[in-house]
Amino acid sequence: MVVQIKPQVTPTVALPTKPWPPPQGEWTYDDFLRLEDDGWRYEVIRGELYMTPPPSERHQFTSMNLSVAFYTFVKSHKLGRVYTAPFGVILGDIATPVQPDIVFVAAERLATVVTEDGLRGAPDLIVEILSPSNWLTDRRAKFELYQEAGVREYWLVNPKTCVAEVYVLRDGEFTLLERWGAGEVARSEVLAGFQVALNEVCGME
């Protein structure tokens, strides 16, 4: 007599699926990677998703002029590299990622922070171009974020008023280096010797 033994079947347990989109405060880098490339700038700060619409012509014009000035200076002195948005910067678990308008990384740090996916670590200098849709984020959430991450210098540039505020890190806190306006020349402390006429940056020459 042949006895048939039926194999034991383990009941299938339905695993809980993560909701999409995740609730604010629970966004991760993997969630960020699922977002569509639809022209919006997406950033994740402390688990919260920030969305910025495509930049205006004035924003892009100012960003381009300033990035060219930084790039030319950095390249001629062989100081490191300059990157422009969209370019992801991951700052530990508190930013996964952010996408500043302009970043500078010193040559001696390139090998430790630059990856195929962007930067994993604090740039030496960050520039944010203010827009009506993002000025509060740049002045508050990102200001605190970049300070905590150890960014050595932070530029806030208002293309409408042609004003540049430059903050430098002193004992773990940002201190205003100087505030320059139209007709004046802004300078950097991290990039010693760098200076740029704001009228040229904002197209007011």
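The values are calculated or read from the model by the stated rules, or taken from the named source; none is laboratory data. This structure is a prediction, so every number in the text was calculated from the model and none was measured. All Cβ positions, glycine included, derive from the backbone under ideal geometry; neighbour counts span all protein chains shown.
At least 1 residues being touching a Gly at 6+ places or on another chain (Cβ under 8 Å) is the threshold, and among the strands (runs of 3 or more DSSP E) wholly inside segment 139-205 those reaching it are 163-170.
Restricted to segment 145-193, and to residues that are hydroxyl-bearing (Ser, Thr, Tyr) and touching a residue at least 12 places away in the same chain (Cβ under 8 Å), which residue is surrounded by the fewest Cβ atoms within 10 Å (Cβ to Cβ)? It would help to see each step written out before you state the result.
As a first pass, look at segment 145-193 and keep what is hydroxyl-bearing (Ser, Thr, Tyr): 146, 154, 161, 167, 175, 188.
Add one more test, that the residue is touching a residue at least 12 places away in the same chain (Cβ under 8 Å), and what stays is 146, 154, 161, 167, 188.
Numbers: Tyr146: 26, Tyr154: 23, Thr161: 12, Tyr167: 23, Ser188: 20.
Among them, the one singled out is Thr161.
Within segment 79-97, not a single residue is assigned to a helix (DSSP H, G or I) and not aliphatic (A, V, I, L, M).
Here is a check on your reading of the model: is Ala69 among the hydrophobic types (A, V, I, L, M, F, W, C), over 23 Å from Phe174 (Cα atoms) and at pLDDT 95 or above?
Numbers: among the hydrophobic types (A, V, I, L, M, F, W, C): yes; over 23 Å from Phe174 (Cα atoms): yes; at pLDDT 95 or above: yes.
Here the answer is yes, as Ala69 does meet what is asked.
Conditions: (1) out of contact with any helix residue (DSSP H, G or I) (no Cβ under 6 Å at 6 or more places or on another chain); (2) of a type in the set (A, V, I, L, M); (3) surrounded by fewer than 23 Cβ atoms within 10 Å (Cβ to Cβ); (4) at pLDDT 95 or above. Leu91 meets all but one. Number of the miss? All conditions pass for Leu91, except number (1). Of the residues making up segment 1-42, just one is touching a helix residue (DSSP H, G or I) at 6+ places or on another chain (Cβ under 8 Å), assigned to a loop (DSSP other than H, G, I, E, B) and at pLDDT 90 or above, namely Pro22.
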